[in-house]
Amino acid sequence: MLVCDEIKGIDVFFNARNVAIYGASASQNSVGQAIVQNFIKPQYTGKVYAVNPKYTNVLGVPCYPSLQEIPESVDLVVVAIPARLAPRVFEDIGKKGAKAAIVISGGFSETGPKGAELENEVVKLGKKYGTRIIGPNCVGVIDTSTHVDTFFLPEYRCARPKASNVANIALVSQSGAFAAAIADWTSELGLGVSKIISLGNKCDVDDDDLLCYLGDDSSTQVICYYTEGYDGNKGRSFFDTAREITPHKPVLVVKSGRGSRAKAAASSHTGSLAGLDSVADAAYKQSGVIRADNFDQMFDMAKALAMQPPAEGDRVLMITNGGGLGVMTTDALEALGLTIPNPSSDLESKLREDLPAYCAFGNPFDVVGDAGADRYDAIFREAIPSGEYDIFVVGMLLQTPSLGMEITNIIANYQKQSGKPFVVISMGGGFTTKAGEIMELMGVPTFATGEKGALAAKALARYGEIRLGDKFNKSAGAKKS
């Protein structure tokens with residue numbers, strides 16, 4: 001994997017062994033206390049210090065009037081003090097030799113010229129002393145491996161995501177509120193997460209820096225962004241970097257600020273320039289970034305891209321034991337521009353030898369409601385080596401008594417053996433949800449509706465096109481059902 005120059009100084013944000021919280025507080029429900037609580041959990045194995053002249057300890061953590069009094073070196077400083085004090089605090093940070101700082105506090109460029117002056121002074125001090133800065137006006141970072149966690153939201157209100165043994169995404173968000181909501185949401189979804197980063201005003205570390213870093217991060221399989229816009233040359237740099245990263249790792253983005261009112265809101269929120277949306281859209285396409293309309297779409301696509309290989313073409317075979325599911329999913333696949341060719345006469349003849357005559361030998365291929373796992377097995381056995389399909393979308397309605405849980409092993413085994421991307425749709429309640437969880441433990445993404453499964457298939461095809469370029473097989477002229 002390539003290494004960008006911008007990676008320099010970024011790793012310490014996620015692997016800090018000595019952390020100081022500037023503005024730590026003994027006041028209940030305060031930001032300064034909540035951050036200290038994150039670092040005294042047993043999962044974080046580094047050392048933590050508090051900085052506040054009012055206290056000698058906070059929650060049992062030794063507290064000092066300044067960083068200079070701390071007897072050991074400090075890797076990362078989390079700053080939670082009023083903006084007006086920030087220049088003085090950054091002198092202390094620089095003299096201590098800390099290489100990274102996360103500024104949680106607001107009151108900087110997002111508030112107007114006076115706040116911008118304070119922010120510029122902080123940036124100058126950071127450059128003077130070689131301190132990289134995330135923020136200000138952010139919630140910072142969560143790393144699910146090292147358990148560095150600067151989110152000041154208590155866990156009973158904002159659950160933390162976990163890493164998966166199968167595949168993980170990283171999310172970079174300009175909005176701290178969205179970063180927190182996504183942390184909570186992904187913990188419920190069970191989606192594997194490596195890191196969540198809230199950038200806020202992006203005074204120093206920006207999208208480009210993190211794209212380079214995450215592009216080289218072995219714990220991250222897919223990189224996801226929420227942004228409200230790009231400022232000048234930083235935007236151009238991001239797209240240039242994306243051209244280098246996307247052939248190696250998928251990058252997804254949700255960008256707000258499509259309309260005039262949303263652009264104005266983005267500017268007042270983080271001081272960002274939302275820019276012309278059509279220009280950003282064209283730049284995403286040229287640089288290989290996949291744009292999603294919303295977070296729901298982004299996570300469906302990210303799950304598929306994290307778990308499955310990119311497709312070598314856009315030809316989809318839909319297999320189902322429920323006719324309605326097959327029709328609805330096929331509608332969604334066609335609406336997304338994917339190709340749904342019927343089996344060739346040769347493949348159909350082979351399938352008719354193994355399957356009952358009352359199956360629907362088309363695309364979608366309906367094995368009908370009395371099917372057992374053996375019918376799916378027969379289709380995979382013939383269709384995969386035929387080379388007629390690039391993506392397999394499998395509907396398994398487990399409410400039928402004839403279809404047992406062995407179908408999960410059959411699907412997972414064929415996916416691994418073939419190296420072809422598979423997407424599973426499992427509609428229903430508790431029993432089917434459990435089957436979906438089993439499928440995903442085996443590395444096959446599973447969705448509750450045909451529309452979600454179709455979007456996942458489209459993402460696998462789009463990323464295959466990005467990876468393969470002219471070698472990607474587009475079957476636009478193939479016969480569709």
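Of the numbered conditions (1) in a loop (DSSP other than H, G, I, E, B); (2) under 17 Å from Val12 (Cα atoms); (3) not aliphatic (A, V, I, L, M), Asp209 satisfies every one except a single condition; which is it?
Failed condition: (1).
Buried (at least 18 other Cβ atoms within 10 Å of the Cβ), under 20 Å from the mean Cα position of the chain (by Cα) and closer than 24 Å to Gly369 by Cα: does that describe Gly395?
no
In this structure, does Gly259 turn out to be in contact with a Lys or Arg (Cβ under 8 Å, 6 or more places away or on another chain) and either modelled with pLDDT under 95 or of a type in the set (Val, Ile, Thr) (or both)?
So Gly259 fails the test.
So, Ser27, is that one touching a residue at least 24 places away in the same chain (Cβ under 8 Å), part of a loop (DSSP other than H, G, I, E, B) and assigned by TED's automatic domain parsing to the domain that holds Val103 or not?
Values: touching a residue at least 24 places away in the same chain (Cβ under 8 Å): no; part of a loop (DSSP other than H, G, I, E, B): yes; assigned by TED's automatic domain parsing to the domain that holds Val103: yes.
So Ser27 does not fit the description; no.
Which residues, taken from segment 165-193, are under 13 Å from the mean Cα position of the chain (by Cα) and outside any helix (DSSP H, G or I)?
Ala167, Asn168, Ile169, Ala170, Leu171, Val172, Ser173, Gly190, Leu191, Gly192, Val193
For (1) aliphatic (A, V, I, L, M); (2) modelled with pLDDT of 95 or more; (3) surrounded by 22 or more Cβ atoms within 10 Å (Cβ to Cβ), each residue gets a yes or a no:
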residue	(1), (2), (3)
Pro154	no, no, no
Lys162	no, yes, no
Val193	yes, yes, yes
Cys203	no, yes, yes
Tyr213	no, yes, yes
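Having 2 or more residues that are farther than 24 Å from Lys416 by Cα is the bar; report the helices (runs of 4 or more DSSP H) wholly within segment 296-393 that clear it. Spell out the reasoning first.
Working: elements: 323-335, 345-354, 373-386.
Hits in segment 296-393: 323-335, 345-354.
I need a count of the residues in segment 30-61 that are touching a residue at least 60 places away in the same chain (Cβ under 8 Å) and of a type in the set (S, T, N, Q).
4
Which pairs turn up if I take residues in segment 357-371 that are assigned by TED's automatic domain parsing to the domain that holds Gly404 and acidic (Asp, Glu) and look for partners that are surrounded by fewer than 24 Cβ atoms within 10 Å (Cβ to Cβ) and in a loop (DSSP other than H, G, I, E, B) with beta carbon separation below 7 Å, at least 6 apart in sequence or on another chain?
Asp366/Cys359; Asp370/Ser402
Within segment 278-315, how many residues turn out to be of a type in the set (Val, Ile, Thr) and surrounded by 22 or more Cβ atoms within 10 Å (Cβ to Cβ)?
Residues of segment 278-315 of a type in the set (Val, Ile, Thr): 279, 289-290.
Keeping just the survivors that are surrounded by 22 or more Cβ atoms within 10 Å (Cβ to Cβ) gives 289-290.
Final tally of qualifying residues: 2.
Run down Leu189, Leu199 and say which single residue is surrounded by fewer than 23 Cβ atoms within 10 Å (Cβ to Cβ), among the hydrophobic types (A, V, I, L, M, F, W, C) and in the same structural domain as Lys303 (by TED's automatic domain parsing).
It is Leu189.
Return yes when Glu119 is closer than 24 Å to Ile10 by Cβ, surrounded by fewer than 16 Cβ atoms within 10 Å (Cβ to Cβ) and charged (D, E, K, R) and no when it is not.
Working: closer than 24 Å to Ile10 by Cβ: yes; surrounded by fewer than 16 Cβ atoms within 10 Å (Cβ to Cβ): no; charged (D, E, K, R): yes.
Judged against the criteria, Glu119 is not a match.
Could you tell me which numbered condition Asn413 fails, if it satisfies all but one of (1) modelled with pLDDT of 95 or more; (2) closer than 24 Å to Met301 by Cβ; (3) among the polar types (S, T, N, Q)?
Tallying (1) modelled with pLDDT of 95 or more; (2) closer than 24 Å to Met301 by Cβ; (3) among the polar types (S, T, N, Q), Asn413 fails exactly one: (2).
Looking only at segment 441-449, decide whether some residue is at pLDDT 95 or above, assigned by TED's automatic domain parsing to the domain that holds Gly395, under 19 Å from the mean Cα position of the chain (by Cα) and closer than 17 Å to Gly326 by Cβ.
For segment 441-449, residues at pLDDT 95 or above, assigned by TED's automatic domain parsing to the domain that holds Gly395, under 19 Å from the mean Cα position of the chain (by Cα) and closer than 17 Å to Gly326 by Cβ: present.
Out of everything in segment 219-232 that is polar (S, T, N, Q) and modelled with pLDDT of 95 or more, what residue ends up being surrounded by the fewest Cβ atoms within 10 Å (Cβ to Cβ)? It would help to see each step written out before you state the result.
Going through segment 219-232, the residues polar (S, T, N, Q) turn out to be 219-221, 227.
Now restrict to residues that are modelled with pLDDT of 95 or more: 219-221.
Details: Ser219: 17, Thr220: 23, Gln221: 20.
Taking the candidates together, the pick is Ser219.
For segment 321-374, name all the residues that are small (Gly, Ala, Ser), farther than 21 Å from Ser475 by Cα and under 39 Å from the mean Cα position of the chain (by Cα). Show your work before the answer.
Applying the first criterion (small (Gly, Ala, Ser)) to segment 321-374 yields 322-324, 326, 332, 335, 337, 344-345, 349, 357, 360, 362, 369, 371-373.
From the residues that got through so far, the ones that are farther than 21 Å from Ser475 by Cα too are 322-324, 349, 357, 360, 369, 371-373.
Result: Gly322, Gly323, Gly324, Ala360, Gly369, Ala371, Gly372, Ala373.
The values are calculated or read from the model by the stated rules, or taken from the named source; none is laboratory data. All values reported here derive from a predicted model rather than from experimental measurement. Cβ: placed from backbone, ideal geometry, glycine included. Neighbour counts: every protein chain shown.
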